[in-house]
Amino acid sequence: TEELKTQIVDFFKAKKKMLTSRDVANGLGVEHHLVKKALTELVNAGTLEFTSFGGATFIKLPEE
């Protein structure tokens, strides 16, 4: 939902670091599969981006 996407983007702006989808789910208290779906839509829209680091996939805000 749009509300969840807004919460996720605000969460990233507050944390100012790379996070996993599970970090976001735990931080917002939302089910993991719902967060993953919203994150994928945000990445496809260019609002967030995936980055791999040390064999793990993180999500972050695109660099300005």
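For the chain, with all protein chains in place and a probe radius of 1.4 Å, 50% of the accessible heavy-atom surface sits on carbon or sulfur.
Please state the shape class of the chain: rounded when a/c is under 1.5, otherwise prolate if a/b exceeds b/c and oblate if not, all from the C-alpha gyration tensor.
Values: a/c = 1.40, a/b = 1.21, b/c = 1.16.
Rounded shape, in that the Cα axes give a/c under 1.5.
Between R22 and S52, what length in nm is gained on full extension when 0.36 nm per residue of separation is reduced by their alpha carbon distance? Don't skip to the end; give the middle numbers.
Details: separation 30, 0.36 × 30 = 10.80 nm, distance 1.51 nm.
Using 0.36 nm per residue and subtracting the Cα-Cα distance, I get 9.3 nm.
Karplus-derived 3J(HN,Hα) values for the range 29-35, using 6.51 cos²θ - 1.76 cosθ + 1.60 with θ = phi - 60°, are x, 10, 4, 4, 5, 5, 5 Hz; glycine and proline are entered as x.
The values are calculated or read from the model by the stated rules, or taken from the named source; none is laboratory data. It should be emphasised that the depicted structure is a prediction, and the values quoted were computed from it without experimental measurement. Accessible surface is based on the protein model in full, side chains and every heavy atom, while ligands, DNA and RNA are left aside. Shrake-Rupley method; radii C 1.70, N 1.55, O 1.52, S 1.80 Å.
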